[in-house]
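Undergrad: The structure is given below, and queries will be raised subsequently.
The values are calculated or read from the model by the stated rules, or taken from the named source; none is laboratory data. Note that the coordinates shown come from a computational prediction; the quantities given were computed from them, not determined experimentally. Neighbour counts are summed over all protein chains in view; Cβ atoms, including those assigned to glycine, are modelled from backbone coordinates with ideal geometry. Ligands, DNA and RNA are stripped out before the accessible areas are found, and what is left, the full protein with its side chains, is counted by its heavy atoms. Shrake-Rupley method; radii C 1.70, N 1.55, O 1.52, S 1.80 Å.
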Amino acid sequence: MTQQNIVFSEKALELQAKAREIADTYVRPAAAKFDKAQEYNYDAARAVAEAGLFRTFIPEEYGGYGAGVLALALVAEELAKADSGFGVAFAVNALGSFPIILGGTEEQKKHWLPQVAAGEKFVAFCLSEKFAGSDAGGLSVRAFEDGDDYVICGEKKWTTNGGVADIYSVFCVTDPTSKSRRISALVVEKGTPGFEVKKVEDKMGIRCVPVVETHFDHVRVPKANLIGGRPGVGFKHAMMTLDYARPGVAAQAVGACQGALDLANVYSNRRQQFGVPISKHEMVQKMMADMAMKTEAARQLVYAAAAGIDAVGPCPVNSKMAAMAKCFATDMAMEVATDAVQVFGGYGFMEDYPIAKFFRDAKILQIYEGTNQIQRLVIARHLVRECSELDHLQEYIPTEVQEPYLEEGEAAQKA
Ligand SMILES: Cc1cc2nc3c(=O)[nH]c(=O)nc-3n(C[C@H](O)[C@H](O)[C@H](O)COP(=O)(O)OP(=O)(O)OC[C@H]3O[C@@H](n4cnc5c(N)ncnc54)[C@H](O)[C@@H]3O)c2cc1C
């Protein structure tokens, strides 16, 4: 259990307002065009940079506003309300930067973060591989030590922002002999010899942001690029990063919910069947009411998860909250987008209108940054741990099941 006051700082509200303005001016009107062409909306990204929105998640010491995860969520929500794809295009910069923010050395932060804050450099996060998705510990991209350098060999799969990004946080195996400390993260900059974007994926949704394969053919980077300055802590940094970034994905989902709900609201009050607007028909009213409840419930959970991280940083409760927010909000986005298409009837199925795009864009939210099955595993594991604090409730369960369950090793020890 956690109770977190959700306090919106003045800065966060100012950033939210700027994001809304950019969404209305640069994002929504161009969303269909960039989706169709599968092109990146550089005009909107420039507007985001000029408005200082990339400063949202960067600490003040490094040129940012240090406005926190809640402010990041507010901005991502506004942008995603207009176009989920552009919401990701923005938020992935935070995902790629968090390993440096949370685990980088002072020199690394000073070197890279001000450029990100200013919107001069875009960032990507390279964890997933062909054979390592949910099982992120099973990476095979190798980084070998060679004098003052690391040499990286292998392929990463599904790098969002690949090609557009200038800075890549790349998770590699540096010690294959160690089970717990195999992985390290290295920063690779665009243009480093041997580093190439090989395949731009043709996607169902979020088509305005590139998702690519990144190939590393003996890519040589100085040891100064090893995030945190020591090997073996990459997996920990990746997990911390995901805890910080998940409210941002969840906020994209809230934006998607609100965007689809708003369109369905306008449509249902204009479209007439049987002589009245369809919003007068009870079954449509039920869909609209359910969509509104799901959107608001998701929003409150996301804000609470984000506020918790801002208040106390990484901890088990915040990790669970981040997983719950990601899982719930993204499931809601899929449900709300589905019902919004239903409210639109046949028009909802047509690519002539943005509602179909909301539906296509929603699906990925349940998959990336940890599938919703994995989020449920995370949540369930936290519940098992929390059970040890509930011994006082033991007398209320049948006596036959009061003996605690012991793992195999523990049982043998007890015997
Ligand atoms: C468009 C897109 C953008 C992406 N962007 C990035 C990015 O920028 N950076 C990055 O590093 N990665 C990125 N990814 C990768 C993404 O995070 C992975 O796709 C995701 O983690 C799932 O991995 P997988 O696709 O290999 O599926 P798998 O892990 O193979 O899973 C397949 C299915 O099995 C289920 N499953 C697997 N293990 C378990 C289990 N233990 N219990 C229950 N169910 C399980 C999954 O939930 C899923 O339903 C992106 C992916 C896509 C499609």
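Undergrad: With the requirement that a residue be of a type outside the set (Gly, Ala, Ser), out of contact with any Pro (no Cβ under 9 Å at 6 or more places or on another chain) and open to solvent by less than 20 Å² (accessible area, probe 1.4 Å), what does region 49-86 give you?
TA: Leu53, Phe54, Thr56, Phe57, Leu74, Val75, Glu77, Glu78, Leu79, Phe86
Undergrad: Is it true that Glu196 is farther than 30 Å from Thr295 by Cβ, within 15 Å of the ligand (Cβ to nearest atom) and either in the same structural domain as Asp361 (by TED's automatic domain parsing) or not in a loop (DSSP other than H, G, I, E, B) (or both)?
TA: Spelling it out, it is not the case that Glu196 is farther than 30 Å from Thr295 by Cβ, within 15 Å of the ligand (Cβ to nearest atom) and either in the same structural domain as Asp361 (by TED's automatic domain parsing) or not in a loop (DSSP other than H, G, I, E, B) (or both).
Undergrad: Across region 276-310, which residue is surrounded by the fewest Cβ atoms within 10 Å (Cβ to Cβ) among those that are of a type outside the set (Asp, Glu) and within 18 Å of Leu13 (Cβ to Cβ)?
TA: Ranking the candidates gives Gln300 first.
Undergrad: Between Asp339, Asp352, Asp391, Asp361, which is closer than 30 Å to Gln272 by Cα, acidic (Asp, Glu) and without any contact (Cβ under 8 Å) to a residue 12 or more places away in the chain?
TA: From the options Asp339, Asp352, Asp391, Asp361, the qualifying one is Asp352.
Undergrad: Pull out all pairs, ordered by first then second residue, where Cβ-Cβ is under 7 Å, the residues are six or more apart or on different chains, the first lies in region 107-132 and is at positive phi and open to solvent by 10 Å² or more (accessible area, probe 1.4 Å), and the second is more than 8 Å from the ligand (Cβ to nearest atom) and of a type in the set (Phe, Trp, Tyr).
TA: From residues that are at positive phi and open to solvent by 10 Å² or more (accessible area, probe 1.4 Å), the pairs are Gly119/Phe54.
Undergrad: Is it fair to say Val343 is open to solvent by less than 20 Å² (accessible area, probe 1.4 Å), among the β-branched types (Val, Ile, Thr) and not in a loop (DSSP other than H, G, I, E, B)?
TA: Yes, satisfied.
Here is a yes/no grid of residues against (1) at pLDDT 95 or above; (2) in the same structural domain as Asp35 (by TED's automatic domain parsing); (3) in a helix (DSSP H, G or I):
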residue	(1), (2), (3)
Ala356	yes, no, yes
Phe359	yes, no, yes
Ile367	yes, no, no
Arg376	yes, no, yes
Arg381	yes, no, yes
Tyr405	no, no, no
Ala411	no, no, yes
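Undergrad: Right, here's the next one. Within region 246-259, can one find any residue that is farther than 18 Å from Gly370 by Cβ, open to solvent by 20 Å² or more (accessible area, probe 1.4 Å) and assigned to a helix (DSSP H, G or I)?
TA: yes
Undergrad: Okay, next question. At least 2 residues that are among the β-branched types (Val, Ile, Thr) in each: list the helices (runs of 4 or more DSSP H) lying fully within region 7-83 that qualify.
TA: 68-82
Undergrad: Let me spell it out: the conditions are (1) within 16 Å of the ligand (Cβ to nearest atom); (2) polar (S, T, N, Q); (3) without any contact (Cβ under 8 Å) to a residue 24 or more places away in the chain, and Asn372 meets all of them except one. Which number is the exception?
TA: Answer for Asn372: the failing condition is (3).
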